[in-house]
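The values are calculated or read from the model by the stated rules, or taken from the named source; none is laboratory data. In this text, all values refer to a predicted model and were calculated from it rather than measured experimentally. Cβ placement follows ideal geometry from the backbone for every residue including glycine, while neighbour counts extend to all protein chains displayed.
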Amino acid sequence: MRQINFLLIFLFSLAIGLFCLENIDLVTIQLIPGLKVQAPLSVELVLTVGVGAILAWLFSVWVKFQRQILSFQDMNESRAKDRRIKELEKDIKRYKQELETQLTLPPAKK
């Protein structure tokens with residue numbers, strides 16, 4: 001799988017490189033009113049792809065963080081349930097012992 005990922009990244013990078021070589025014309029981009037940037041089209045597109053990649057990475061980190069928090073919460077709930085189950089099992093054993101002792105006692109005289 002790593003080889004396939006490497007191949008895809010290599011091909012994508014090669015395509016970007018070839019695109020940059022072909023698109024060296026200056027273009028103007030207006031980011032906000034009054035602020036214009038003039039640079040080759042290829043540079044602007046590569047920067048845009050880079051910003052998009054960084055945002056995608058940040059989003060994936062955020063999602064992993066959220067999953068980890070949910071996993072810790074689930075683990076804590078599971079531990080609490082396990083403790084409760086052990087307590088209930090002890091109660092059952094105690095009740096069985098009490099029942100056995102009551103059954104072995106002679107009947108009460110009136």
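See the values below:
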{"quantity": "Hey, GLN38 part of a strand (DSSP E or B) and modelled with pLDDT of 80 or more or not", "calculated": "yes"}
{"quantity": "Of residues in region 24-55 being surrounded by 10 or more Cβ atoms within 10 Å (Cβ to Cβ) and of a type in the set (Gly, Ala, Ser), the one nearest to LEU14 (Cα to Cα)", "calculated": "SER42"}
{"quantity": "Odd one out for GLN3 among (1) modelled with pLDDT of 85 or more; (2) not in a helix (DSSP H, G or I)", "calculated": "(2)"}
{"quantity": "Which listed residue is closer than 21 Å to ALA53 by Cα and over 31 Å from the mean Cα position of the chain (by Cα), from PHE6, PHE19, PHE12", "calculated": "PHE19"}
